[in-house]
Amino acid sequence: MAEWDVANRPDGAGELPEAVVQRLRAGELWHALLLIGERTQTVRAVRWLAQALLCSAPAAEAPCGRCRSCAQFAAGSHPDFWTSGEEGLRAGDVEALQSWLATKGHGARKVYALLGVDEMTPVAANRLLKTLEEPAPETYALLTATSRQKVISTLRSRSFTCLLSAAPPFTSTDPASMSVVGRLSSAEDPSFAGFMERVIEWTETWLRGGASPWELAASWQSLAKDIPAEDGLLLLAEWLRELMRVRAGAQADRFAAWQEAARRIAPILEVEQYAACVQVVMDARLRLQSHVALLLNLEQMCVRLREVTTSW
Ligand SMILES: [Zn+2]
């Protein structure tokens with residue numbers, strides 16, 4: 001299985017937020033963890049966590065890589081580790097898991113991994129709920145998904161969600177965006193003067209729920225009236241990307257001059273929500289070419305932005 005080969009590297013801990021590693025070290029890991037991120041990344045994290053949970057060394061040193069348990073794990077033959085989902089998750093997989101959980105373990109702990117719970121069938125997801133609701137002692141569930149939105153809410157509410165932060169595309173490499181952001185920050189273009197301050201104010205009004213989507217659309221149209229609509233939306237998308245980057249704990253980058261505002265605003269949403277908002281803005285920018293009236297387009301954009309901020 002190529003996927004597991006790619007994942008079979010010792011750096012799984014590096015994928016995980018420090019808080020998760022600390023809880024593991026303290027022997028206080030949640031019984032069900034939902035890891036959100038790219039597939040290879042979440043699989044690496046799952047392998048590392050599973051090996052650490054099953055390792056016979058003290059929690060502070062696990063996975064030691066030397067004990068019998070670690071050797072069995074590395075060989076892919078650990079009897080207390082069960083995984084499924086390389087080729088989708090169906091109800092039969094959950095039934096197989098439940099049978100495995102009902103058998104007596106070889107050691108003190110059991111760990112199971114279900115890969116891609118955002119792609120599992122509704123029947124399978126409902127079967128799994130029962131297992132998550134009544135966790136057996138010393139049994140750990142490691143679930144993975146590429147999209148948190150697509151995981152059914154009842155599964156989300158029964159597990160601790162952990163975003164693997166390197167997943168979203170933090171920096172656009174689109175030449176158009178680099179040129180527009182460059183013009184903004186060099187301040188050579190007088191039409192951009194004061195623009196970012198107005199964008200920051202607009203962003204805060206939106207994120208703090210201070211205006212309806214229709215008011216937001218009208219105020220965006222008026223604040224960006226001196227620059228091409230395309231450039232305005234590109235800047236908004238890049239600004240949201242910056243907030244996403246700061247939210248994930250990185251330093252301010254392209255908008256370094258406004259980093260104080262970025263630090264103030266960034267905690268309002270989750271990294272994944274910022275990623276979704278960037279997409280909404282870029283979709284609106286694409287629609288500019290379709291001759292939809294500008295204000296109508298902006299209204300659609302603001303309605304969708306509001307959905308992202310309120311429905312997660
Ligand atoms: Zn070990």
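The values are calculated or read from the model by the stated rules, or taken from the named source; none is laboratory data. A quick note: this is a predicted structure, and the numbers were derived from the prediction, not measured. Because the Cβ atoms are built from the backbone with ideal geometry, glycine has one as well, and the counts that use them run over all protein chains shown. To get the accessible areas, we keep the full protein, side chains included, count just its heavy atoms, and leave off ligands, DNA and RNA. Shrake-Rupley method; radii C 1.70, N 1.55, O 1.52, S 1.80 Å.
Structure values in brief
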quantity: Test: residue in region 57-71 that is among the basic types (Lys, Arg), within 13 Å of the ligand (Cβ to nearest atom) and either open to solvent by 10 Å² or more (accessible area, probe 1.4 Å) or touching a residue at least 12 places away in the same chain (Cβ under 8 Å) (or both); calculated: yes
quantity: Residue match in region 167-174 (condition: among the acidic types (Asp, Glu) and on the phi > 0 side of the Ramachandran plot); calculated: no
quantity: Extreme residue, farthest from the ligand (Cβ to nearest atom), among residues of region 29-39 that are closer than 13 Å to Val111 by Cα and open to solvent by less than 40 Å² (accessible area, probe 1.4 Å); calculated: Ala32
quantity: Which listed residue is at pLDDT below 95 and buried (at least 16 other Cβ atoms within 10 Å of the Cβ), from Thr131, Thr103, Thr121; calculated: Thr131
quantity: Residue check for Trp239: in a helix (DSSP H, G or I) and more than 21 Å from the chain's Cα centre (by Cα); calculated: no
quantity: Matching residues, region 252-284, being among the basic types (Lys, Arg) and modelled with pLDDT under 90; calculated: Arg254
quantity: Residue satisfying condition, being surrounded by fewer than 23 Cβ atoms within 10 Å (Cβ to Cβ), farther than 30 Å from Thr309 by Cα and of a type in the set (S, T, N, Q), within set Ser77, Ser153; calculated: Ser77
quantity: Residue in region 215-228 that is among the basic types (Lys, Arg) and farther than 21 Å from Leu295 by Cα present; calculated: no
quantity: Test: residue in region 139-148 that is in contact (Cβ under 8 Å) with a residue 60 or more places away in the chain and among the basic types (Lys, Arg); calculated: yes
quantity: Hits in region 72-81 - residues which are free of Cβ contacts under 8 Å to residues at least 40 places away in the same chain and either of a type outside the set (A, V, I, L, M) or near the ligand (Cβ under 8 Å from one of its atoms) (or both); calculated: Gln72, Phe73, Ser77, His78, Pro79, Asp80, Phe81
quantity: Condition check for Ala50: open to solvent by 10 Å² or more (accessible area, probe 1.4 Å) and either in the same structural domain as Leu155 (by TED's automatic domain parsing) or farther than 27 Å from Arg148 by Cβ (or both); calculated: no
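Residue-by-condition table, conditions (1) touching a residue at least 60 places away in the same chain (Cβ under 8 Å); (2) open to solvent by less than 60 Å² (accessible area, probe 1.4 Å); (3) under 30 Å from Pro17 (Cα atoms):
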position	(1), (2), (3)
Leu207	yes, yes, yes
Leu236	no, yes, yes
Arg241	yes, yes, yes
Ala276	yes, yes, yes
Val292	no, yes, no
Leu295	yes, no, no
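Matching residues to (1) small (Gly, Ala, Ser); (2) near the ligand (Cβ under 10 Å from one of its atoms); (3) at pLDDT 90 or above; (4) closer than 22 Å to Thr131 by Cα:
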| residue | (1), (2), (3), (4) |
| --- | --- |
| Gln22 | no, no, no, no |
| Gly27 | yes, no, no, yes |
| Gln41 | no, no, no, no |
| Arg47 | no, no, yes, yes |
| Thr83 | no, no, yes, yes |
